[in-house]
Amino acid sequence: MRKAILLYALAAMLVPAGAQRVLSLDSCRALALRNNKQLAVARLKQEAAADARKAARTKYLPRVDAVGGYELLSREVSLLNKDQKNALNNLGTTFAEKLGATLPQSITNMAQQGLITPQQAQALGQMAGQYMGPMAEALNGVGAEIRRAFRTNNRNMMGAAVMVNQPVYMGGAITAANNMADISEQLTANASESAMLNTVYDIDQSYWLVVSLKHKNRLAASFLELVQKLDSDVSKLIREGFATRADGLKVSVKVNEAEMAVTQAEDGLALAKMLLCQQCGLPIDSDIVLEDENKTELPAMAVATFADGNMYDMWKNRSELRMLQNAADLSEQVTKLTKAAFLPQVAISGGYMVTNPSVYNGFEHKFAGTWNIGILARVPIWSWHEGAYKVKAAKTATTIARMEQAEAEELIELQVNQSKFKVKEAGKKYEMACRNVQKAEENLRCANLGFAEGVMTATEVMEAQTAWMQAQTQKIDAEVDMRLTQAGLKRSLGIAD
């Protein structure tokens, strides 16, 4: 069917915009499927669901992130306090003061003990006094260097890192998320199919409504001709004195009613074509002619027959039921995802980080970094049974979804059986309508003969004409009803054609 619809759509595209378009049922379906905005939305939702499924697959793979930053601090970190800094700056001076206080006495003691001579003691004192100042300055410089080496100079902080994170065990959350993405994609596909079936069914109804109104319009014109001819015959009889003026007024009223019926049929046909054009995505004022609207008799239609077993399998595969199944499956995955949030989670992390200033060779004002690798674990311990309550609520939602699915299956099974009965009833109505048309035609023929021979009145002829009109209308309705009930049966079974 899809290939046929595509061919009709391509053929429809080749028709000039201003020309009258002859449309078959299949070409109307093709136009509607191509131009229907809701179907376009459904196709876009399918594409979005497919992208979401692909995105969910990436959760299994490692994540690589790069981060960097700069920070300006109002104060820098100091590893030394003020007293320590002051002590280092005056290291030589302090040492010289202490040495100057103790060295003369030490030299005197050594001379008194006979360890050195008085001349040597005098020479040592002179030497200490000569070198004490330079030595103090040198030690002060060493202390200042030590103090500067301990300076962090971290007011301007810069850093960058490349991190790799690989999930190992997330409590089943990643698997559940991927299953939800798969189910969501199936759900959008089933929704798209349901929208397509509804569009086809709506087009079938509109198409056959136009055909029905066209036939009724032609029937109303034929009826108008009958009553106009009767009006002409009665007018002649009135002039010849064989009929009364009252008979003429009755026929004139019938002529007016027939003219009004023609007008109503034409207006209804125009509106029905506008609706069909809108559903097909055409301008509502398009000049279209349907393939079946000018046929004197609608083509014979075989009544669809389905074995009970096949019918059971068909309606079990309806897109609406599959959507409810998807909803129930999705609810189950939500339960697993909820449970995963309260299970242990393990991940491996690694990367490379650089900072400036760096601390790997003292405090240096240059970029330097290090590799790192580790394992991260999160184990929930106590949450006041929050997880149990949430899991229970999710399971309840799943149970509700399953119950709704079971109820929908019962309702759809009832709908299928009702559609079967309607198909059978429509077939019987059509057979009865055909017999009624034959009887009405014979009755009208006899009435016309009787009126011509003067044995029947104009009122009796009008009654026969009205009966013929009703029988023909019922036949048209029965023919169209057969097609609509067939379409309804196929729709209830989830069959596009």
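A few comments on the model shown:
- Accessible surface comparison of PHE223, PHE342, probe 1.4 Å, protein chains only, largest first: the order is PHE342, PHE223.
- Label positions at ASP285 and ILE381, each projected 7 Å from the Cα along the C-beta direction, are separated by 7.9 nm.
- Centre separation in Å (Cα based) which lies between the stretch 71-118 and the stretch 331-389: 51 Å
- When ASP292, ASP231, ASP285, ASP267 are compared by accessible area at a 1.4 angstrom probe, the order from most to least is ASP285, ASP267, ASP231, ASP292.
- Relative to the dominant Cα principal axis of the chain, helix 37-57 is inclined by about 30°.
- Proximal aspartates and glutamates to LYS250, defined as alpha-carbon separation beneath 14 angstrom and excluding residues fewer than eight positions away on the same chain: ASP231, ASP233, GLU460, GLU463
- Proximal lysines relative to LYS37, as straight alpha-carbon distance under 20 Å, when same-chain residues fewer than 8 apart are discounted: LYS45, LYS273
- Rounded to the nearest 10 degrees, the angle from helix 91-112 to the longest Cα principal axis of the chain is 20 degrees.
- Modelled label positions at GLU413 and VAL162, each set 7 Å beyond Cα in the direction of Cβ, lie 6.3 nm from each other.
- Distance violations [Cα-Cα > 19 Å] among LYS316/LYS490; LYS216/LYS420; LYS424/LYS475; LYS336/LYS390; LYS316/LYS392; LYS336/LYS392: LYS216/LYS420; LYS316/LYS392
- Residue-normalised accessible area of the stretch 142-223, given per residue in Å² at a 1.4 Å probe: 42 Å²
- Accessible surface of the chain, 1.4 Å probe, proportion on carbon and sulfur as whole %: 59 percent
- 0 to 90° range, to nearest 10: angle between helix 458-493 axis and the chain longest Cα axis: 30 degrees
- Calculated from backbone phi, Karplus (6.51, -1.76, 1.60) coupling profile of the stretch 442-452 in Hz, x at Gly/Pro: 5, 5, 5, 4, 5, 5, 5, 5, x, 5, 5
- Loop-located trypsin sites (Lys or Arg not before Pro) in the stretch 91-197 (DSSP state not H, G, I, E or B) with no more than 14 neighbouring Cβ atoms inside 10 Å: ARG155.
- Value at 222 nm in deg cm²/dmol, rounded to 500, when DSSP H runs of n ≥ 4 in the chain each add -39,500 (n - 2.57): -25000 deg cm²/dmol
- A 1.4 Å probe over all protein chains sorts THR398, THR466, THR457 by accessible area into THR457, THR466, THR398, starting with the largest.
The values are calculated or read from the model by the stated rules, or taken from the named source; none is laboratory data. Just so it is clear, the structure is predicted and the values come from calculations on it, not from any experiment. Methodologically, a virtual Cβ is constructed for each residue, glycine included, from the backbone with ideal geometry; neighbour enumeration extends over all protein chains shown. Heads up: the accessible areas ignore ligands, DNA and RNA and are worked out on the full protein's heavy atoms, side chains in. Shrake-Rupley method; radii C 1.70, N 1.55, O 1.52, S 1.80 Å.
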